[in-house]
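Written out below as structure tokens is the structure these notes cover.
The values are calculated or read from the model by the stated rules, or taken from the named source; none is laboratory data. Computed from a predicted structure; not experimentally measured. Cβ atoms come from the backbone with ideal geometry, glycine included; neighbour counts cover every protein chain shown.
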Amino acid sequence: MAAGSVAKAQRRPRRTQPSPTPTGAKRYHFTPELFEQLGELGLFRNQRVELIGGEIVQMAIVGPEHGSTVDQTMLSVGRRLPTKKYYLRVQNPLRIGDSEPFPDIAIVPGKPSDYRQHHPTTALLVIEIADTSLEYDRTEKMSLYASAGIPEYWIVNLLERCLEVYREPVSPAEGTAFNARYKWLRYYSLEEAVEPLFESGIAIPVRALFEGEE
């Protein structure tokens, strides 16, 4: 995939449609509070789940490459954060309306003690590591993060070995999961570096996200 290509050059992602509800059956809408209570009761023990649009969703299994890339991305981004105005969270929840996603990495404002009583409701940057979840991260997750006004969203694309950078959230956006999307999309190759919006002057080599640094 050529670096610098834009969204219209990419096949438009399809929104995942839910399975039809059987006649007489009723979908149950979970609030974030109830979702957390169920977790505290141990109902999700040894399971990876998150709350998306009021529905409990089974998350993809984390394989070795996925797990290693989460760690490499955390180290590559974290070592370049110059101030204490924000910090990096790994696979911890965000509270977005009736959703509680667990992004692989989120840069959030403030310090850890600010969130002892509640989860962050926004982020400066969210990063997902994607292999089997790539289509879901490009559609459902992309729209969810855009709906929260998160200014920048990255997908570390393990299948195509590139970094997808989404910026400029807009709403309404007809046909999207959460009526929101990003206007700006660029693909970065392994040979490039990316500067996050929240801290100009930081250059993060894309290859470091995939392969680490010495």
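Only a single item in (1) charged (D, E, K, R); (2) at pLDDT 95 or above; (3) touching a strand residue (DSSP E or B) at 6+ places or on another chain (Cβ under 8 Å) is not met by residue 213, and it is number (2).
With the requirement that a residue be closer than 20 Å to residue 160 by Cα, free of Cβ contacts under 8 Å to residues at least 24 places away in the same chain and not charged (D, E, K, R), what does segment 189-214 give you? It would help to see each step written out before you state the result.
Keep residues of segment 189-214 that are closer than 20 Å to residue 160 by Cα, which gives 189-194, 204-212.
Subset that is free of Cβ contacts under 8 Å to residues at least 24 places away in the same chain: 193, 207.
Listed by number, the list holds a single entry, 193.
Determine, yes or no, whether residue 171 is in contact with a Leu (Cβ under 6 Å, 6 or more places away or on another chain) and among the hydroxyl-bearing types (Ser, Thr, Tyr). Criteria not met by residue 171. When you check residue 168 against the structure, is it more than 23 Å from residue 78 (Cα to Cα) and touching a strand residue (DSSP E or B) at 6+ places or on another chain (Cβ under 9 Å), yes or no? Yes: the conditions hold for residue 168.
If I ask for residues that are in contact (Cβ under 8 Å) with a residue 24 or more places away in the chain, aliphatic (A, V, I, L, M) and surrounded by fewer than 24 Cβ atoms within 10 Å (Cβ to Cβ), which ones from segment 106-124 would you list? Selection gives 107, 124.
Contact map, segment 169-180: first residue closer than 16 Å to residue 153 by Cα, second residue among the basic types (Lys, Arg) and surrounded by 19 or more Cβ atoms within 10 Å (Cβ to Cβ), Cβ cut-off under 7 Å, separation 6 or more or different chains; pairs are 170/181. Looking only at segment 58-96, which residues are of a type in the set (Gly, Ala, Ser) and either closer than 14 Å to residue 208 by Cα or free of Cβ contacts under 8 Å to residues at least 60 places away in the same chain (or both)? Once the filter is applied, which keeps residues that are of a type in the set (Gly, Ala, Ser) and either closer than 14 Å to residue 208 by Cα or free of Cβ contacts under 8 Å to residues at least 60 places away in the same chain (or both), segment 58-96 yields 67, 68, 76, 78.
Please indicate, with yes or no, whether at least one residue in segment 67-82 is hydrophobic (A, V, I, L, M, F, W, C) and within 11 Å of the chain's Cα centre (by Cα). Spell out how you get there, then give the answer.
Going residue by residue through segment 67-82, those that are hydrophobic (A, V, I, L, M, F, W, C) are 70, 74-75, 77, 81.
Next, only the ones that are within 11 Å of the chain's Cα centre (by Cα) stay: none.
Within segment 67-82, none of the residues are hydrophobic (A, V, I, L, M, F, W, C) and within 11 Å of the chain's Cα centre (by Cα).
Which residues, taken from segment 139-178, are crowded, with 23+ Cβ neighbours inside 10 Å and over 19 Å from residue 98 (Cα atoms)? The answer is 153, 154, 155, 156, 163, 164, 166. For segment 39-70, the set of residues classified as loosely packed, with under 12 Cβ neighbours inside 10 Å and either assigned to a helix (DSSP H, G or I) or touching a Cys at 6+ places or on another chain (Cβ under 8 Å) (or both) consists of 40, 64, listed by residue number.
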